[in-house]
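Since the structure comes first, as structure tokens, the remarks are kept for the end.
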2 protein chains.
Amino acid sequence: MTTPGRRPGDSGTRAAILAAAKEAFAASGYAATSVRAVARAAAVDPSLVLHFFGSKDGLFEAALELPMDPAVLVQGLLATPRDGLGETLVRTFLGVWDATPGQGPMLAMLRGAVSHEDSADKLRELLLRVILRPVAVGAGAGDPDRRAALLASQLLGLAVVRYVLRVEPLASAPVEELAPLLGPTLQRYLTGPVP
Amino acid sequence: MTTPGRRPGDSGTRAAILAAAKEAFAASGYAATSVRAVARAAAVDPSLVLHFFGSKDGLFEAALELPMDPAVLVQGLLATPRDGLGETLVRTFLGVWDATPGQGPMLAMLRGAVSHEDSADKLRELLLRVILRPVAVGAGAGDPDRRAALLASQLLGLAVVRYVLRVEPLASAPVEELAPLLGPTLQRYLTGPVP
DNA sequence: GGGGGAGTTCATCATGCGTTGAGTTCTACA
DNA sequence: TGTAGAACTCAACGCATGATGAACTCCCCC
């Protein structure tokens with residue numbers, strides 16, 4: 001088709017591939033996404049994908065980069081007053097999802113975690129050890145592991161219902177409507193009694 | 001290898017294939033499970049799988065049969081007193097998951113729903129329209145669609161955390177310990193104020 | 001006891017997969 | 001200006017996939 005060899009100037013090829021990969025993995029999960037389909041979507045030769053990312057796994061891993069630094073999130077959460085934490089958690093969580101159009105990397109991560117053992121490990125590590133456990137510790141009500149797991153259950157469930165199953169009316173409700181709905185639940189998991 | 005033709009007696013081949021399929025789909029999801037792998041696990045020729053189930057999709061659909069009749073579940077839930085519904089819902093939900101060793105069909109359904117559009121539709125239909133919405137209507141506090149979606153978010157999140165990510169301590173907690181933890185959340189979604 | 005249908009095997013098809021390697025053109029730095 | 005290496009194409013590898021169709025054996029009903 002086209003002549004081989006490097007193109008003049010700064011072609012944004014690598015970025016194009018990465019964008020296509022995020023979209024594809026987000027839409028179909030790991031197994032159902034092929035390197036060749038990503039290449040096709042990026043209008044690029046399949047070998048080039050592997051040239052940049054080494055392997056399908058490498059590509060997948062690269063597609064999972066978060067739209068925000070988790071450490072910053074945690075810091076922000078630890079700085080909010082204890083009795084507003086529940087709602088803030090909802091707002092922060094949904095903010096990260098909505099930071100990328102189509103929820104690319106977040107959806108890819110969730111879809112990945114559900115059928116790819118390795119990325120399940122990764123999500124568990126990130127969401128629980130890095131984010132929710134420190135927040136639960138900061139809330140200072142004891143039993144942080146259990147509280148973190150409860151928080152994860154409500155937050156992940158929200159993501160599944162809103163972004164994967166797209167259940168109405170939650171799927172199209174604005175964040176400001178969801179915060180007071182789910183906030184009290186998270187608040188109880190954070191600081192309420194957990195028998 | 002073996003001679004072709006029908007075997008004498010009642011070989012439980014169809015059932016063996018179905019069992020292998022449930023296990024495989026539950027473990028790896030739709031895309032990552034191959035007809036041939038199922039056949040291998042059932043010690044059977046791949047054609048036989050398609051002879052019985054028509055296609056990979058047919059096999060998948062067959063693997064999703066619930067271990068319980070949803071109508072019965074709903075009846076049971078509608079018959080419990082309003083103020084105990086939250087905890088009963090947790091117990092019932094987890095009861096269905098734990099009814100099959102390894103959570104076969106339930107996990108297959110969840111894993112399927114997360115990356116297979118058709119089974120997402122199915123799960124939404126079953127969990128919301130067939131089960132949770134009627135329960136929310138029965139609770140009689142208004143706004144059943146929103147309440148049902150909230151219920152789904154907590155219940156599905158619990159399933160993800162407990163059976164997919166296997167987050168401790170929720171993963172190995174007995175049902176009786178989880179009921180009082182999550183019951184109040186569901187109770188609020190059912191009968192509490194939802195602003 | 002004959003025949004239709006169900007269970008079973010095997011060979012085969014076209015397609016798509018992830019990955020590799022060789023070859024070509026451009027850039028960056030010496 | 002020379003050259004190492006990055007960007008890029010193309011052809012090919014070996015393998016797995018879902019599906020089909022023919023052949024064969026057994027069961028059950030007439």
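The values are calculated or read from the model by the stated rules, or taken from the named source; none is laboratory data. Only a predicted model underlies this, so the values are computations on that prediction, with no experimental measurement involved. Positions of Cβ are backbone-derived with ideal geometry, glycine not excepted, and every protein chain shown enters the neighbour counts. These accessible areas exclude ligands, DNA and RNA; they are computed on the full protein's heavy atoms, side chains included. Shrake-Rupley method; radii C 1.70, N 1.55, O 1.52, S 1.80 Å.
Computed quantities for the displayed model
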quantity	calculated
Peptide B:162-169, shielding by other chains (average Cβ, 10 Å cutoff)	6
Charge dipole magnitude, Cβ of K and R +1, D and E -1 - the protein assembly as shown, Cα centre, debye nearest 20	520
Signed unit charges on C-beta, dipole axis of the protein assembly as shown, positive-most listed residue A:Ala41, B:Leu66, A:Ala120	A:Ala41
Positive minus negative residues near B:Lys56 (Lys, Arg vs Asp, Glu; Cβ under 13 Å)	-2
For B:Glu65, inter-copy label distances in nm, listed shortest first [label point 7 Å out on the Cα-Cβ vector]	4.9
In Å, descending, principal axis extents of the Cα set of segment B:1-86	63, 33, 18
Translational D in µm²/s for segment B:50-195 (Stokes-Einstein at 20 °C, 1.002 mPa s, Kirkwood Rh from C-alpha pairs)	135
Shielding by partners - mean other protein chain Cβ count within 10 Å, residues of A:143-154	6
Highest-first arrangement of B:44-50, B:134-140, where packing means the average Cβ count within 10 Å	B:134-140, B:44-50
Charge sum, other residues only, whose C-beta stays under 10 Å from A:Arg188's C-beta, Lys/Arg counted +1 and Asp/Glu -1	+2
Charged-residue dipole, Cβ positions (Lys, Arg, Asp, Glu), chain A about Cα centre, Debye nearest 20	260
Calculated P(r) of the protein assembly as shown - Cα pairs past 32 Å, %	39
Rel. contact order, % - alpha carbon contacts under 8 angstrom, at least six apart, segment A:70-191	39
List of segment B:25-49 residues, accessible area with partners at least 30 Å² below that of the chain alone (1.4 Å probe)	B:Ala31
Percent carbon-and-sulfur accessible area, the protein assembly as shown, ignoring ligands, DNA and RNA, probe 1.4 Å	56
Charge dipole magnitude, Cβ of K and R +1, D and E -1 - segment B:106-173, Cα centre, debye nearest 20	140
Probe 1.4 Å, protein heavy atoms only - accessible area per residue of chain A in square angstrom	45
